[in-house]
Amino acid sequence: MIAVVGATGTGKSDLGIALAERLRASGRPAEIVNADAMQLYRGMDIGTAKLTVAERRGVPHHQLDVLDVTDEASVAAYQRDARAEIDAIHGRGGVAILVGGSGLYVSAVLFDLAFPGTDPELRAQLEREHDELGPGILLERLRALDPTAAATIDARNPRRLIRALEIASRSEVVTPSLPSAPRAWRPARILHLHRERQQLIAGLHERAARMFAAGLVDEVDALREQGLERGRTARAAIGYSQALEVLRGESTVAQAVEATGIATRKYARRQVSWFRRYADAEVLDVTGADRTALTETARRIVP
């Protein structure tokens, strides 16, 4: 198994395709398994930079377009399904290439991480309490049950706060975090793409502008009809929440582009921090690399 990881805007998808094509040319069939949480959603294409069918160049892709926008993404369900896909690829004699930047989702596949189940009744109760009492009460309760989780949680994010308290309130408490020395699920070659910070930051703002110019607001408008605003996970995606503000008249497109760029930069910093902990990863400096250069990188990796 090969894993291509890194921050948004480092060229993971292009390298994944190039690697798959090199492997196929050498007689080893390769298939890609998506590890971007937002690319799991059908119809969320522009804002997630999802490769089109043509751009996939005949390489089979898995874990794309498997959820409706009203569904809540679950890392535990993803772990189960992505690993099943990988086992099936290996069973066909192929090479699985895991590609994505959602740190916890990537780690859920690569390492032996356990995730607690959900309790719908408890979740509903906590949601009511959050609406009626606010986040402060829930945060205090979390501090009493799991001080470590409380110290790192973003209390301004209701979904994460409620989920953390749901986990802490159950007897089989398992904190979904990356251990200092995680144990591998399967042997894997991990390629961590690194782009120099200044170039990465500049590229992320340009990326946000391109997405809105490419019709992100229209995409989100169509997804509203499918229930996007009812979906807890999908509606909060970077770019999508900003486009919803445009549609509601709460923001201009220019303001949405700026807000999306800022949110993406903050997310990229978290990604860099997460993947830096992959001690066994090969760090590939892709500063200045375009699609052609990434293809040459694939040639070096798969001679």
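Which residues among segment 220-238 fall inside the zone where the amide N is under 16 Å from a point 7 Å beyond the Cα of residue 154, along Cα→Cβ?
Output list for this probe position: 232-238.
Going out from 0 in 5 Å bins, what whole percent of all Cα-Cα distances in segment 39-101 drops into each bin?
In whole percents, the pair-distance histogram is 4, 15, 25, 25, 20, 10, 2, 0.
With a ≥ b ≥ c the root eigenvalues of the C-alpha gyration tensor of segment 1-56, is it rounded (a/c under 1.5), prolate (a/b larger than b/c) or oblate?
Prolate, since a/c reaches 1.5 and a/b exceeds b/c.
Can you list residues from other chains, or at least 5 along the same chain, whose modelled amide H is less than 5 Å from the amide H of residue 33?
62, 97, 98, 99
Heavy atoms only, probe 1.4 Å: what % of the accessible area of the chain goes to carbon and sulfur, would you let me know?
The C+S portion of the solvent-accessible surface of the chain is 50 percent.
Taking a quarter of the surface of the convex hull around the Cα atoms of segment 1-154, what do you get in nm²?
With the hull built on Cα positions only, its mean projection is 10.9 nm².
I need the calculated FRET efficiency for the pair residue 247 and residue 213, taking r as the beta carbon distance and R₀ as 22 Å, to the nearest 0.05.
For residue 247 and residue 213, the calculated efficiency is 0.85.
Mind pulling the angle between the C-alpha long axis of helix 75-91 and the longest principal axis of the chain? Nearest 10 degrees, somewhere in 0 to 90.
Value to nearest ten degrees: 20.
What does the charge count near residue 191 come to, summing +1 for each Lys or Arg and -1 for each Asp or Glu among other residues with Cβ under 10 Å from its Cβ?
Combined, the nearby Lys, Arg, Asp and Glu give +1.
Considering the chain, what Rg and Dmax in Å follow from its alpha-carbon atoms?
19.7, 61
Taking 0.36 nm per residue of separation and subtracting the Cα-Cα distance, what length does fully extending residue 92 through residue 254 add?
Result for the pair: 53.5 nm of gain on full extension.
Calculate how many DSSP beta bridges within the chain are antiparallel, expressed in % of all such bridges and rounded to the nearest 5.
5
First select every other residue whose beta carbon is under 10 angstrom from the beta carbon of residue 63; then total the charges, Lys and Arg +1, Asp and Glu -1.
-4
When the C-alpha atoms of segment 178-282 are aligned to their principal axes, what extent does each axis show, in angstrom, from largest down?
47, 32, 20
Note down the accessible area of residue 205, probe 1.4 Å, to the nearest 10 Å².
Approximately 70 Å² for this residue.
Work out, step by step, the length gained on full extension between residue 72 and residue 202: first 0.36 nm times the residue separation, then minus their alpha carbon distance; give nm to one decimal.
Additional length available on full extension: 43.6 nm.
The values are calculated or read from the model by the stated rules, or taken from the named source; none is laboratory data. No experiment lies behind these values; they were computed from the predicted model shown. Here the Cβ is made from the backbone with ideal geometry for all residues, glycine too, and neighbour counts use every protein chain on show. Side chains are part of the model used for accessible areas, which takes the heavy atoms of the whole protein and leaves out ligands, DNA and RNA. Shrake-Rupley method; radii C 1.70, N 1.55, O 1.52, S 1.80 Å.
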